[in-house]
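The values are calculated or read from the model by the stated rules, or taken from the named source; none is laboratory data. Quick caveat, the model's predicted, so the values are computed rather than measured. Neighbour counts run over all protein chains shown; Cβ positions are idealised from the backbone, glycine included. These accessible areas exclude ligands, DNA and RNA; they are computed on the full protein's heavy atoms, side chains included. Shrake-Rupley method; radii C 1.70, N 1.55, O 1.52, S 1.80 Å.
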Amino acid sequence: MSLLGRFPWYGKLLLGLSAIFLIGSIGFYGASLTRGHTIDGSSSSSHREHYRWTGGELQLEATERQDSTTCYVSHDGGGQRTVQLAGTKRSGTHRQNLAFTGDATVSCTRTVTAYTGSSVGRRDFSRSGAFRGGAVALVVVPLVFLGVIRVLRTAARG
């Protein structure tokens with residue numbers, strides 16, 4: 001007899017719900033990570049990748065652990081903005097949101113990930129305590145509920 005065969009229909013349903021919530025949470029988190037564009041950086045300005053940003057919201061996130069990063073945002077209408085990002089394991093801001101209208105070119109001294117538009121909100125939500133806590137609760141609650149039912153049914157029989 002298989003392991004699942006030992007569970008009644010409601011047990012299989014609760015296990016299935018828990019598995020669906022686990023897969024969905026992992027999928028959402030993974031999708032939020034892959035929606036960004038990697039901008040390859042270099043200390044030499046001639047070797048830097050130039051990322052075209054077409055306006056709206058932009059989030060730059062450092063990907064290197066220890067080194068700080070400088071990004072240059074050159075607005076097509078003129079002017080340049082310099083953004084400092086700390087390494088992901090250093091104190092300071094390793095992620096910064098920018099917003100202005102019009103096109104711009106972004107280049108950085110180290111590799112960063114750029115999120116634009118609705119990807120910024122999804123990425124922020126996937127980092128939040130609400131998402132992490134909710135995902136854990138959606139996976140664990142059906143399993144706890146199944147365990148409580150099994151204990152109560154065993155106690156009622158015995």
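The table below lists the values:
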{"read-out": "Complete set of residues in the stretch 11-43 that are open to solvent by less than 40 Å² (accessible area, probe 1.4 Å), of a type outside the set (Val, Ile, Thr) and more than 30 Å from PRO142 (Cβ to Cβ)", "value": "GLY36, GLY41, SER42"}
{"read-out": "Single residue of the stretch 1-55 satisfying the filter (over 30 Å from VAL73 (Cα atoms), assigned to a helix (DSSP H, G or I) and polar (S, T, N, Q)) that is farthest from the chain's Cα centre (by Cα)", "value": "SER18"}
{"read-out": "Filter result (surrounded by 13 or more Cβ atoms within 10 Å (Cβ to Cβ) and part of a loop (DSSP other than H, G, I, E, B)) within the stretch 113-133", "value": "GLY117"}
{"read-out": "Condition broken by ARG123, with the remaining ones in (1) touching a residue at least 40 places away in the same chain (Cβ under 8 Å); (2) more than 30 Å from GLY24 (Cα to Cα); (3) of a type in the set (D, E, K, R) satisfied", "value": "(2)"}
{"read-out": "Selected residue (criterion: farthest from GLY55 (Cα to Cα)) from residues of the stretch 70-90 that are without any contact (Cβ under 8 Å) to a residue 24 or more places away in the chain and not small (Gly, Ala, Ser)", "value": "GLN84"}
{"read-out": "Residue check, PHE100 open to solvent by less than 70 Å² (accessible area, probe 1.4 Å), among the aromatic types (Phe, Trp, Tyr) and modelled with pLDDT of 90 or more", "value": "no"}
{"read-out": "Criterion (among the charged types (D, E, K, R), in a loop (DSSP other than H, G, I, E, B), surrounded by fewer than 17 Cβ atoms within 10 Å (Cβ to Cβ) and touching a residue at least 24 places away in the same chain (Cβ under 8 Å)) met by exactly one of ARG65, ARG110", "value": "ARG65"}
{"read-out": "Count - residues of the stretch 134-156 that are of a type in the set (Gly, Ala, Ser) and open to solvent by less than 40 Å² (accessible area, probe 1.4 Å)", "value": "3"}
{"read-out": "Single unsatisfied condition, ALA114 versus (1) under 30 Å from LEU15 (Cβ atoms); (2) at pLDDT 90 or above", "value": "(1)"}
{"read-out": "Residue match in the stretch 53-64 (condition: modelled with pLDDT of 90 or more, over 21 Å from GLY117 (Cβ atoms) and of a type outside the set (S, T, N, Q))", "value": "no"}
{"read-out": "Cβ-Cβ under 7 Å pairs, at least 6 apart or on other chains, the stretch 30-42 side among the aliphatic types (A, V, I, L, M), far side open to solvent by 30 Å² or more (accessible area, probe 1.4 Å)", "value": "ILE39/GLU49; ILE39/TYR51; ILE39/THR111"}
